[in-house]
Structure formats: C-alpha cells, structure tokens
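This report refers to the structure that appears directly beneath it.
The values are calculated or read from the model by the stated rules, or taken from the named source; none is laboratory data. Since the model is a prediction, treat every value here as computed from it, not as a measurement. Ideal geometry is used to build each Cβ from the backbone, glycine not excepted, and the neighbour counts take in all protein chains shown.
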Amino acid sequence: MSTGPPHPFGDLGASAVSRRFSSGTALFHAGDPSDWVALVMRGRVKIVETTADSREVLLAIRGPGQLIGELSAIDGQPRSASAVAMDDVEVQLVGAAGFHSYLEANPAAAVALLRLVTVRLRDADRKRVEYSSHDVLGRVARRLLELAEEYGEPDGAGVRITLPLSQDELASYTASSREAVAKALRTLRDRRVITTDRRAITVVDLDALRSRAG
C-alpha cells in the first residue's frame, strides 16, 4: 500500500527549512496570513474547517509528498481552512515569495502544481456528486477504500488503515451523521468486509469494499 503519492516537487529549494509538529498541533488556522507553503515529508496532516456551530469538518488528508497551503500562497488570501498534524509530522517550509521563485525557476514543478490542483478540483467535484447520488453506506465504503489504498498497511488479517480517525471525523468526511456512519460501519462488519477497533479499521475484504463503493 502507498504512503502517499511520489514527490513531484523533490524539495522546495535552498530557502526551505525543516520543521516538526507533534500530533494534534495546528500547522496553521483558518484566517491566518498565507505566508508559507509546506511539503509533507513524514506523517499525515488533516485539513479541517470549523462550522458556525463549532463543528469540525474534515476536508482532506495530506501525506508524504503532498503540499499544504500552496493555493493561499499563490493568491495571497488568508487561509481558508486549518491544518492539524494527525501524528508526528515533518515538513519543509518555504515562504510565499520563495515558493513563487521556486516555481519560476522550475517549470516542471509549476506543471506538477497545475496537475495537483486539477486532481484536487476533480476530486472535489466527484465528492459533490457522491453526496447527492450515493447513500451513506456507499460514501463510507468509498472513503474507506481510498484510505486503505493511500494509508493502509497489510497486517495478516487484511489492510489496516493506519490513520487515527474518530467516527465524528469519518462522519464529517462523508457528509453524514455520526449515527449513520456507525450504522454503515456495523453493516460492513456484519458482512465481514471490515473489522474495527478503537480508532482503527481493518479492511478484510477489499473486493467486497470496492463493490459496495461502486
């Protein structure tokens, strides 16, 4: 299983510095100035948005080889969401001006960034369609399949999703209620597609999960 996409950027140039964040630490908050870009070298970071009633919505997960904060650094607008370390994280940081210079000096990196933005836009469009055309069980199956493929590790019983996701986070990630997600997970357990432990899910039948994800 993959631990993330290959590094399309290699590094962020000579002006980049290494920085570590412990699990649960915010790299930045929504509304912060967009003064730097990060390339994740180790660990996973969740991108979250807080609603008006103080609920946290999980928007995306970024792992090794992925950029964080690149769009805000390009358009100069404040951060639109927060980034929080899901485990111990190491990143390369470069200031917004240094990132612009890096892209100007590295056309291949600029093309890689364009591809990255395109992939994320397509993914956002696909998820919007899913929210209106798939039931909760289908949406949960799709997210679990993605997480197993991106962050899964074979453990003898199946593929263990190594991300410490709570049911509340999985619910927000699938635009569902916690109760509906709990029911979907129970259904997948009863069908022997997954097993669950405290904040851990193991996919024991990938083919069945793919079939339910559609």
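Select from the stretch 1-35 the residues that are at pLDDT 85 or above and either in contact with a Pro (Cβ under 8 Å, 6 or more places away or on another chain) or hydrophobic (A, V, I, L, M, F, W, C) (or both) and list them in ascending order.
Kept after step one, since they are at pLDDT 85 or above, are these residues of the stretch 1-35: 16-35.
Correct list: Ala16, Val17, Phe21, Ala26, Leu27, Phe28, Ala30, Gly31, Asp32, Pro33, Ser34.
Which count do you get for residues in the stretch 81-128 that are among the β-branched types (Val, Ile, Thr) and out of contact with any Lys or Arg (no Cβ under 7 Å at 6 or more places or on another chain)? Residues flagged as among the β-branched types (Val, Ile, Thr) and out of contact with any Lys or Arg (no Cβ under 7 Å at 6 or more places or on another chain) within the stretch 81-128 amount to 5.
One residue stands out among those in the stretch 106-137 that are of a type in the set (S, T, N, Q) and either surrounded by fewer than 11 Cβ atoms within 10 Å (Cβ to Cβ) or touching a Gly at 6+ places or on another chain (Cβ under 7 Å) (or both): the one that is modelled with the lowest pLDDT, which is Ser133. Scanning the stretch 10-68 for residues that are in contact with a Leu (Cβ under 8 Å, 6 or more places away or on another chain), buried (at least 19 other Cβ atoms within 10 Å of the Cβ) and not in a strand (DSSP E or B) yields a total of 4.
Could you check the stretch 78-105 and list, in sequence order, the residues that are in contact with a Ser or Thr (Cβ under 7 Å, 6 or more places away or on another chain) and either modelled with pLDDT under 90 or in a helix (DSSP H, G or I) (or both)? Answer for the stretch 78-105, where residues must be in contact with a Ser or Thr (Cβ under 7 Å, 6 or more places away or on another chain) and either modelled with pLDDT under 90 or in a helix (DSSP H, G or I) (or both): Ala96, Gly98.
Do we have Ser211 as of a type in the set (Gly, Ala, Ser) and buried (at least 16 other Cβ atoms within 10 Å of the Cβ) here?
Numbers: of a type in the set (Gly, Ala, Ser): yes; buried (at least 16 other Cβ atoms within 10 Å of the Cβ): no.
No, not satisfied.
For (1) aromatic (Phe, Trp, Tyr); (2) at pLDDT below 90; (3) out of contact with any Asp or Glu (no Cβ under 6 Å at 6 or more places or on another chain), each residue gets a yes or a no:
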| position | (1), (2), (3) |
| --- | --- |
| Val140 | no, no, yes |
| Arg143 | no, no, yes |
| Asp155 | no, yes, yes |
| Arg160 | no, no, no |
| Glu169 | no, no, yes |
| Arg178 | no, no, no |
| Ala182 | no, no, yes |
| Arg186 | no, no, yes |
| Val193 | no, no, no |
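What residue, of Thr174, Thr187, is surrounded by 14 or more Cβ atoms within 10 Å (Cβ to Cβ), more than 27 Å from Ser23 (Cα to Cα), in contact with a helix residue (DSSP H, G or I) (Cβ under 7 Å, 6 or more places away or on another chain) and outside the structural domain of Val37 (by TED's automatic domain parsing)? Before the answer, list the steps.
Numbers: Thr174 fails: more than 27 Å from Ser23 (Cα to Cα).
Criteria check complete, one pass: Thr187.
What helices (runs of 4 or more DSSP H), lying completely within the stretch 106-209, carry at least 1 residues that are within 18 Å of the chain's Cα centre (by Cα) and not β-branched (Val, Ile, Thr)? Explain how you work it out, then say what you get.
Working: elements: 107-133, 136-151, 167-173, 178-190.
Filter on the stretch 106-209 gives 107-133, 136-151, 167-173.
In summary, Val57 fulfils each of the numbered conditions (1) more than 21 Å from Ala124 (Cα to Cα); (2) under 14 Å from the mean Cα position of the chain (by Cα) with the single exception of condition (1).
Can you find a residue that is under 24 Å from Gly13 (Cβ atoms), at pLDDT 90 or above and either in contact with a Gly (Cβ under 9 Å, 6 or more places away or on another chain) or outside the structural domain of Gln167 (by TED's automatic domain parsing) (or both) anywhere in the stretch 49-61?
Of the stretch 49-61, the ones under 24 Å from Gly13 (Cβ atoms) are none.
No, the stretch 49-61 contains no residue that is under 24 Å from Gly13 (Cβ atoms), at pLDDT 90 or above and either in contact with a Gly (Cβ under 9 Å, 6 or more places away or on another chain) or outside the structural domain of Gln167 (by TED's automatic domain parsing) (or both).
Which one of Ala52, Ala73, Ala108 is hydrophobic (A, V, I, L, M, F, W, C), without any contact (Cβ under 8 Å) to a residue 40 or more places away in the chain and touching a Ser or Thr at 6+ places or on another chain (Cβ under 7 Å)? Before you say what the answer is, go through the steps one by one.
Working: Ala52 fails: touching a Ser or Thr at 6+ places or on another chain (Cβ under 7 Å); Ala108 fails: touching a Ser or Thr at 6+ places or on another chain (Cβ under 7 Å).
When all the criteria are applied, what remains is Ala73.
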